[in-house]
Structures are given as C-alpha cells and as structure tokens.
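The structure under discussion appears below in the form of structure tokens.
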Amino acid sequence: PGRGLDPGVRKIARYVDEYAPPYGPKLYLKTFEEQDFSDKIIDKAEEIINESSDTKELIGKSNTAGAAAAVYIASVLEDEYVPIKKIVEVSEVSEPTLRNSYVPMVEAIEKEDEFLQNHPHPSRTTWG
C-alpha cells in the first residue's frame, strides 16, 4: 500500500491483500468438477487460464465466462469434446458470451490451428 494513504486505509489494504479469498476464473472450475467433467479437462482448463490471464481482451470479463471458455477449449484440445450447450447449462453463461470469451483465449494461447484440427465441427467456429 502507498505511503500517501491514511494509516487506517493502509491497514485495511494489507488485511485485504492477506485475507481476501482468491478471485478469478480458476475459482469457477469447481462448478465443472462437481458436474463430473474429467480431471484432464479441468487440469487443461486451469493451464489455459494461467496462460491467457494477461490477455487484454479478457481483463475485466466475467470470471464465470472465463472458466467456461477454458473448459470448452480444453475439451476440444484434449479430444474430449463437450458441446457448448452443455457448458452453457453448467455455467449459466449465455452462448454469445461463451463464444466471445473463448475466441480471444484460444488466440492468447496460440492454439487456433490445433483447436480447428480437433474440433468436431470446425466450420461452426469463428475461424472455420
């Protein structure tokens, strides 16, 4: 915390830094774990979130949508395709929101070619 702040504000800021629960898309992966998505998909989704977390197109976006997009991408890359409708049902994120989230995420991890090769319906993707 900055020097120009009131001592009480600095104390609160230190407390929040130390005790605030973790926040971000990774937190929402539990929703998919609870719905029996494979460990392989969940692990890959976490890896995708880590790799794409600094992507400017994703900063400030819904954490739920980020987790859903990562799970969708992971399902394609790991050859365990899960339809968007199933992911939308579990995450309660709209299809357009999911589509708008997975595109920059795939681009951020530079896996467009692999995604298209593994996708059962490449013509339905943004790049297809």
Point to revise | Gyration tensor verdict on the range 28-96 (Cα atoms; rounded if a/c is under 1.5, prolate if a/b is larger than b/c, oblate otherwise) | key: oblate
Practice item. Please calculate the 1.4 Å probe accessible area of residue 28, with all protein chains present, and give it to the nearest 10 Å². Key: 80 Å²
Review point. So, counting K/R as plus one and D/E as minus one, what does the shell of residues with Cβ under 10 Å around residue 70 add up to?
Key: -1
Check your understanding: Using a basic spin-label model with each label point 7 Å from the Cα along Cα→Cβ, how many nm lie between residue 123 and residue 38?
Key -> 2.7 nm
Review point. Ignoring ligands and nucleic acids, what accessible area does residue 36 show with a 1.4 Å probe (Å², nearest 10)?
Key: 130 Å²
Review point. Among 70, 97, 84, whose Cα lies farthest out toward the positive end of the dipole of the range 27-128, if unit charges sit on the beta carbon of Lys, Arg (+1) and Asp, Glu (-1)?
Key: 97
Practice item. Would you tally the net charge around residue 43, using a Cβ to Cβ cut-off of less than 12 Å, leaving residue 43 out, and scoring K and R as +1, D and E as -1? Key: -3
Review point. With every protein chain left in place, what is the accessible area of residue 31 in Å² (1.4 Å probe, nearest 10)?
Key: 50 Å²
**Study point:** Structure-derived mean projected area of the Cα convex hull in nm² - corresponding label in (i) 10.4; (ii) 8.4; (iii) 9.1
**Key:** (iii)
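The values are calculated or read from the model by the stated rules, or taken from the named source; none is laboratory data. All of these numbers come straight from a predicted model, not from anything done at the bench. Using ideal geometry, Cβ is built from the backbone for each residue, glycine included, and neighbour counts are taken over all protein chains shown. To get the accessible areas, we keep the full protein, side chains included, count just its heavy atoms, and leave off ligands, DNA and RNA. Shrake-Rupley method; radii C 1.70, N 1.55, O 1.52, S 1.80 Å.
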